[in-house]
Amino acid sequence: MTQRTFHATLQLTLESPLLVGGHTSPASYVDATSAKRADYVIPASALRGALREACTRLENAATDGATAETAVGPLTCELFGAPGADRPKLTEGTGDDIAIHSGDAGGTSGKLRVGDAVARDTMHAAVRHGVGVDRWTGAARPEVHFQREVAGGPGDVLSAPLECRASEPAIDLLKRAIALVTGVGNSQSRGLGAVCASIEATTAPIPKRSVELRSNRTELAVRIVAREPLLLGGLPTPTNVRESLPFVSGAVLRGAIANAALRSGIAETYEDFRAALVDPQTCILFSDALPATESERNLPLPAPRSRLACKHAGDRDHRNVNGVARDTLVSGWLAGLLLREGGTVAPFVCPVCSRTLTSAKGWVGGVDPDRRVVTRLGRDVATGAASPGLLYSTVQIEPTATFVGTVARLGDAARRLLARIDAPVRVGGLRNRGLGTVEVTFEESSHLGRGAVQSRRAKLAKAAKPLLDVARVLGVAEVADADRLLAVVARTDVALPPEAAPERVGRALFGEVPFRVLAVAQAAGVRSGWCERTPGPRALRPVVSAGSAWLFAAEGEAPSDEYLARLEVEGVGDDRELGLGRLAIAPHALMEGWE
Ligand SMILES: [Zn+2]
């Protein structure tokens, strides 16, 4: 059936105050109405629920009772997704308690996208008091008082964007069902949340290009800025809490670009689409993009496994003090040589608070994104009543969060394709419930390329030289020339078997030149992900975790800066097209504290 794209604005005029819970409030006894930056909003999931219920009723009425009361008609399914999980194969056959997630299989996520409804003018909040009632006797229970925050009143208007690409009958059903939406949110039976809904057709709203290309180079940094909350997978857990990962994987970004291209009317069979996004030999190599600070033009790095830091390194009195964090990859290797000769090495302590330094976590040149816990209530589609077992929470990343990664093989085909994308780019989960929209910018970075690698290697050699000189005087040096040292940190997870990783990373760095592995600070992990093409979860695979670090020495001529600069963005190991295997050559973080 032919599909068409439909853009509209849903207008909700309040007839009574709203009670829309969800975002956790500081005092948990108050059901805070969703407040985001002082604007009152109705979360997209609540609107979507109200629209779905209206469409179900209308479609079932139109089929003259032929459909069972609880069943959902085909047009409603087209718009809102089939009942059951939209990730049907995820938990198949893995136990009784997660059967609820696997549903009847065949579930889909639906074609209608609803955004949050935002108040047009300032709305005011008020607190309503209530008394719990004993269900058996009907008497008030004096010890069960509750308070609820409600927002707005008759006449206040909120509006939300609707977007879908669906068949004409489905769009028609949606348009006619809007009038049936008479309530949104909680306590509708107590007079709250009464609304009058209407729809205004709008032309496709494209205020700003979602993909921007600022350079002609084939190897660039890619900056992703969240314009809506994000829920980045990982795979959902069998519990009812889903927490966002703190980074945008390369696979997710590639999928989001492909999705935006399709929604921009570019066919999957189009030659540039295949070359830039599908063919593993030529496709753009997106790395995982890590959380960055909004302002700094840094390429963030996971804290190297060899890094020690004071627990309070982030405190005000610790800032910019040399020695509150120090890396031990190079200095520790040399200290090890001295220890073998009977020397002693004191434990590192914080110069500010005298605590012993411990393994560092987090990011260097980046910061964990802000998060918010959002709790939602699943509703029975047929009755509209809350389903008590279906309370679920998501831990979402807040808008304005910024992620930076690298990109390689940005050839002519990729450039032509990116220039044609005009649909919004969306990443992660709950994309049709107001989440996921990002802006993607490809830009040059002073941290990438031959010159950057050259300067970092020179700094490492300069810092290591005095230590090597001491070692030589004591007769323990194994490496004569500091220029032949090469230290590397995994910027992303690396898909190599952990036991073979030092040898395989070294081989990628040095090629045919013999080398020695001097020090390893490595951790093992696993990676998976959701594949939308199959669809199904990707097999769990062992990886060497991001932040693992290695120190090598070349036994012949060390590789060229140009070669290493390309290796940084093209990566090592398997699954490089999914964002894995990226390296940072001699990053400054490895010289921290002993330089
Ligand atoms: Zn300290």
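Selection of the stretch 117-163 for residues being assigned to a strand (DSSP E or B), within 30 Å of residue 197 (Cα to Cα), modelled with pLDDT under 85 and small (Gly, Ala, Ser) yields 117, 119, 125, 126, 130, 151. Note on the stretch 355-366: residues that are assigned to a loop (DSSP other than H, G, I, E, B), closer than 24 Å to residue 464 by Cα and more than 16 Å from the ligand (Cβ to nearest atom) total 1.
For residue 456, the conditions (1) touching a His at 6+ places or on another chain (Cβ under 8 Å); (2) crowded, with 22+ Cβ neighbours inside 10 Å all hold with the exception of (2).
Checked across the stretch 257-274, the condition of being more than 17 Å from residue 419 (Cα to Cα) and surrounded by fewer than 18 Cβ atoms within 10 Å (Cβ to Cβ) holds for at least one residue. Where strands (runs of 3 or more DSSP E) fall wholly inside the stretch 257-339, the ranges with 3 or more residues that are within 16 Å of the ligand (Cβ to nearest atom) and not assigned by TED's automatic domain parsing to the domain that holds residue 418 are 307-309. Filtering the stretch 340-354 to residues that are more than 18 Å from residue 306 (Cα to Cα) and within 9 Å of the ligand (Cβ to nearest atom) leaves 351, 352, 353, 354. For the stretch 422-452, a residue qualifies if it is among the charged types (D, E, K, R) and assigned to a loop (DSSP other than H, G, I, E, B), and the qualifying residues are 422, 444.
Matching residues to (1) touching a strand residue (DSSP E or B) at 6+ places or on another chain (Cβ under 7 Å); (2) without any contact (Cβ under 8 Å) to a residue 40 or more places away in the chain:
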{"site": "214", "(1), (2)": "yes, no"}
{"site": "217", "(1), (2)": "no, no"}
{"site": "221", "(1), (2)": "yes, no"}
{"site": "224", "(1), (2)": "yes, no"}
{"site": "274", "(1), (2)": "no, yes"}
{"site": "322", "(1), (2)": "no, no"}
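For the stretch 164-173, the criterion of being among the charged types (D, E, K, R) and at pLDDT 85 or above is satisfied by at least one residue.
Among the candidates 576, 566, 541, the residue that is modelled with pLDDT under 90, of a type in the set (Lys, Arg) and either within 19 Å of residue 522 (Cβ to Cβ) or under 31 Å from the mean Cα position of the chain (by Cα) (or both) is uniquely 541.
Per-residue answers, yes or no, for (1) under 26 Å from residue 287 (Cα atoms); (2) aliphatic (A, V, I, L, M); (3) crowded, with 22+ Cβ neighbours inside 10 Å:
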site	(1), (2), (3)
428	yes, no, yes
442	yes, no, no
450	yes, no, no
471	no, yes, no
481	no, no, no
487	yes, yes, yes
497	yes, no, no
503	yes, no, no
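Residue 44 meets each of the listed conditions (1) out of contact with any Lys or Arg (no Cβ under 7 Å at 6 or more places or on another chain); (2) among the small types (Gly, Ala, Ser); (3) at pLDDT 75 or above apart from (1).
Take the conditions out of contact with any Leu (no Cβ under 7 Å at 6 or more places or on another chain) and part of a helix (DSSP H, G or I) and apply them to residue 504. Does it pass? In short, no.
Residues that are in the same structural domain as residue 490 (by TED's automatic domain parsing) and free of Cβ contacts under 8 Å to residues at least 40 places away in the same chain: find the strands (runs of 3 or more DSSP E) completely inside the stretch 508-595 holding 1 or more of those. Quick ask: steps written out before the conclusion?
Details: elements: 515-521, 524-531, 536-544, 549-554, 583-585.
The strands (runs of 3 or more DSSP E) meeting that bar are 515-521, 524-531, 536-544.
Looking across the stretch 397-424, the residues that are farther than 17 Å from residue 570 by Cα, surrounded by 24 or more Cβ atoms within 10 Å (Cβ to Cβ) and not aromatic (Phe, Trp, Tyr) come down to 397, 401, 417, 424.
The values are calculated or read from the model by the stated rules, or taken from the named source; none is laboratory data. Source: prediction; values computed, not measured. Neighbour counts are summed over all protein chains in view; Cβ atoms, including those assigned to glycine, are modelled from backbone coordinates with ideal geometry.
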